[in-house]
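Visitor: Before I ask anything, let me first share the structure, which is written out below as structure tokens.
The values are calculated or read from the model by the stated rules, or taken from the named source; none is laboratory data. Every value quoted in this text rests on a predicted model; they were computed, and no experiment measured them. Cβ placement follows ideal geometry from the backbone for every residue including glycine, while neighbour counts extend to all protein chains displayed.
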Amino acid sequence: MADCVYLSGVAHSSYSPGTLIPHFARFSEAWNYVKPTVLIATTCRWMPTARLAMALAKAGFTVEAVCPSGHPISKTRAARKLYNYRGLSPIASFSEAIDSAKPDILVSGDDLATWHLHNLHRREKLNGNSGRAICELIERSLGPQESFPVVYSRADFMALAEQEGIRVPKTKRISNPSDLKNWISITGFPSVLKANGTSGGDGVRVVATREEAENAFKTLQSPPLLARAAKRALLDRDTTLVWPSLLRHRSEVNAQAFVSGHEATSSFVCSKGVVLACLHFEVLGKVDSAGPATVLRRIAHPEMSAAVEIIAHKLNLSGIHGLDFMLDAQTNQAYLIEINPRATQVGHLTFGAGCDLPAALFSSVTGDELQPAPKVSDNNTIALFPREWLRAPQSKYLVTAYHDVPWEEPDLILACVGKRGQQSIGHLQEAWQQKSAAPAHRS
């Protein structure tokens, strides 16, 4: 029987040693074009995660995702395969998706997803050698296990940042009403109360009186009501609150001194503590006082850049992360207020070399030369779709800013605006036509 070498699934026979060399060279060349796989892990149906999936696919990744059913990613052509996230068995959901996808890197889409990955790492570490591959994947994607407790605990993270010389507001862990009383007597009002493991303003309360503080602390610390968990499970098909409700899980609450000013945010990609790409924005508009941003302006801010470099290096972070700041109203000094140990809603925006997170992540995984995508716009003011449009369909920013609509994915647009009906789509198209007809605007 002739010797056989299988190349791309095709049998080739009767090769002499000399003729094998060019065939292996071609095989090696073809292997270099195999796309790396990124597995997006998310527990909620967040639109920005779909936008990030699109950007990662454009950067060169094969994209797969473990997510709840009905996630907006399913309305795009970005993902090759989706795995169902089960809120009642989250760790198993993530583990099964990783086993099937065999990804080169993971990207977390929300804080709870990061926490699940931390717990999966803890479980697999107990399995010894059999769990080593998953542990290495998680650390390659997020950073070393030593960083996990710090990025999850707001109080511990703020203490580390202060030790590193970063400007931060005073922050303290509040365990009981007595701690809250002491905080109020020393710090006064207004104050900010935050619960660990929350995002998008969900677990944040700005309080101005003792009564507000006491009510907010009770609400933030208490386990989710069973009725609320059941409603979300039945109506929204979201079971993430079921276990915390049944187990009576109480959140850790922190108090933070209030900084008068406006919010800013940084999103960055790093590898073993080295920052590869970074974006800074100031927030111009929000859904509400504690909700997510709807309009942002890209800025350069040396203090924010320095904080990103320091935190990434100190925690030896890898993958996509974000930092949130308050910019002092009088001095414009940046106060670091928290870390987002996952991708944020601006991660898909591309502004050239050093400001293209998907391309930087792709380069770090493959070792290829960085090839950033074209700038999404010369306009540094960004109206995020669909948040700003849903907030105010007649908003001036839909015309004067770059309105970040994913025109290449009509099904995704329809999924976002469907609740407002076909008339609303007409308003959206009208705003786009007005912008297209207007002179170029930069800010």
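Visitor: Restricting to region 178-233, what's the tally of residues that are at pLDDT below 65 and among the aliphatic types (A, V, I, L, M)?
Guide: The qualifying residues number 6.
Visitor: For region 378-399, give me each residue that is surrounded by 19 or more Cβ atoms within 10 Å (Cβ to Cβ), in a loop (DSSP other than H, G, I, E, B) and either within 22 Å of the chain's Cα centre (by Cα) or not assigned by TED's automatic domain parsing to the domain that holds ALA293 (or both).
Guide: PHE385, PRO386 - these are the residues of region 378-399 that are surrounded by 19 or more Cβ atoms within 10 Å (Cβ to Cβ), in a loop (DSSP other than H, G, I, E, B) and either within 22 Å of the chain's Cα centre (by Cα) or not assigned by TED's automatic domain parsing to the domain that holds ALA293 (or both).
Visitor: Among the residues of region 43-65, write down those that are over 22 Å from ILE382 (Cβ atoms), within 16 Å of the chain's Cα centre (by Cα) and modelled with pLDDT of 95 or more.
Guide: Matches in region 43-65: VAL63, GLU64, ALA65.
Visitor: What about ALA343, is it among the hydrophobic types (A, V, I, L, M, F, W, C) and either in contact with a Phe, Trp or Tyr (Cβ under 7 Å, 6 or more places away or on another chain) or at pLDDT below 95 (or both)?
Guide: no
Visitor: What pairs can you find where one residue is in region 122-136 and without any contact (Cβ under 8 Å) to a residue 60 or more places away in the chain, the other is of a type in the set (Lys, Arg) and surrounded by 12 or more Cβ atoms within 10 Å (Cβ to Cβ), and their Cβ atoms are less than 7 Å apart, with a gap of 6+ or different chains?
Guide: GLY131/LYS125; CYS135/LYS125
Visitor: Regarding THR366, is this residue surrounded by fewer than 17 Cβ atoms within 10 Å (Cβ to Cβ), at pLDDT 95 or above and within 26 Å of the chain's Cα centre (by Cα)?
Guide: yes
Visitor: Just the residues that are crowded, with 23+ Cβ neighbours inside 10 Å and more than 16 Å from GLN163 (Cβ to Cβ), please, taken from region 309-322. I'd like the intermediate steps shown before the answer.
Guide: Let us first name the residues in region 309-322 that are crowded, with 23+ Cβ neighbours inside 10 Å, namely 311-312, 315, 317-321.
LEU317, SER318, GLY319, ILE320, HIS321, listed by residue number.
Visitor: Moving on. I need the full set of residues from region 263-297 which are within 29 Å of GLY367 (Cα to Cα) and surrounded by fewer than 19 Cβ atoms within 10 Å (Cβ to Cβ), in order please.
Guide: LYS272, GLY273, VAL274
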